[in-house]
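Colleague: The structure is given below, and queries will be raised subsequently.
The values are calculated or read from the model by the stated rules, or taken from the named source; none is laboratory data. Quick caveat, the model's predicted, so the values are computed rather than measured. For neighbour counting, all protein chains shown are included, and Cβ atoms are generated from backbone atoms with ideal geometry for every residue, glycine included. Accessible surface is based on the protein model in full, side chains and every heavy atom, while ligands, DNA and RNA are left aside. Shrake-Rupley method; radii C 1.70, N 1.55, O 1.52, S 1.80 Å.
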Amino acid sequence: MWGRNVYDSISKFLQFQLTVNIVAVIVAFTGACITQDSPLKAVQMLWVNLIMDTFASLALATEPPTEALLLRKPYGRNKPLISRTMMKNILGHAVYQLTLIFTLLFVGEQLAQTQGPAHEQLE
């Protein structure tokens, strides 16, 4: 039971970490290529990694095993740690996060400006 719980926790940890790191690298590289200045400086990248590693480690260490883990078949020795479903989840979440971050990075200023009748009524 504990072995299966550790395996599941490591899989979840890897899925979370790979998503965060893929997004951070793509944002830093693409942002630097397009804006000629990286949107994430070195210290900010270190903080992102520190915070994400801390939360992921807490999640990894605090999930207790359940009896339901014993109801499924054990995984084989040659089963990859990152399954096809996990890869789809990683890529799907990365695309979602990149869309949100790039929207805020490139058109966030226009989105933040309030214009129109609602703004005029407040004055």
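Colleague: Springs between alpha-carbon atoms under 10 Å, Gaussian network over the chain: tell me which of Ala28, Ala61, Ala112 tops the mean-square fluctuations.
Modeller: Taking springs between Cα atoms under 10 Å, the residue moving most is Ala112.
Colleague: Once each part is reduced to its C-alpha centroid, what is the distance from the stretch 13-53 to the stretch 82-109 in angstrom?
Modeller: Taking the Cα centre of the stretch 82-109 as reference, the centre of the stretch 13-53 is 12 Å away.
Colleague: Taking a probe of 1.4 Å, how large is the accessible area per residue of the chain, in Å²?
Modeller: That works out to 75 Å² for each residue.
Colleague: What is the ratio of the Cα radius of gyration of the chain to 2.2 N^0.38 Å, with N the residue count, to two decimals?
Modeller: Compactness ratio reported: 1.48.
Colleague: Report, to the nearest whole %, how much of the accessible area of the chain belongs to carbon and sulfur atoms, 1.4 Å probe, protein only.
Modeller: Carbon-and-sulfur percentage of accessible area, whole number: 67.
Colleague: Could you check the spin-label model distance between Ala59 and Gln44? Points 7 Å from the Cα along Cα→Cβ, value in nm.
Modeller: Going by the 7 Å Cα→Cβ label model, 2.3 nm.
Colleague: About the Cα centre of the stretch 51-106, what is the dipole size in debye to 20, counting +1 per Lys and Arg Cβ and -1 per Asp and Glu Cβ, all else neutral?
Modeller: Taking the Cα centre of the stretch 51-106 as origin, the dipole is about 420 debye.
Colleague: So, one more: Tell me, what is the percent relative contact order of the chain, built from C-alpha pairs under 8 Å that lie six or more residues apart?
Modeller: Relative contact order, the chain: 42 percent.
Colleague: Same structure again: Points 7 angstrom from Cα along the Cβ direction at Leu71 and Asp37: gap in nanometres?
Modeller: Between Leu71 and Asp37, the label points sit 5.6 nm apart.
Colleague: Determine which lysines satisfy two conditions relative to Lys88: a Cα distance under 25 Å, and not lying fewer than 8 residues away in the same chain.
Modeller: Reachable lysines: Lys12, Lys73, Lys79.
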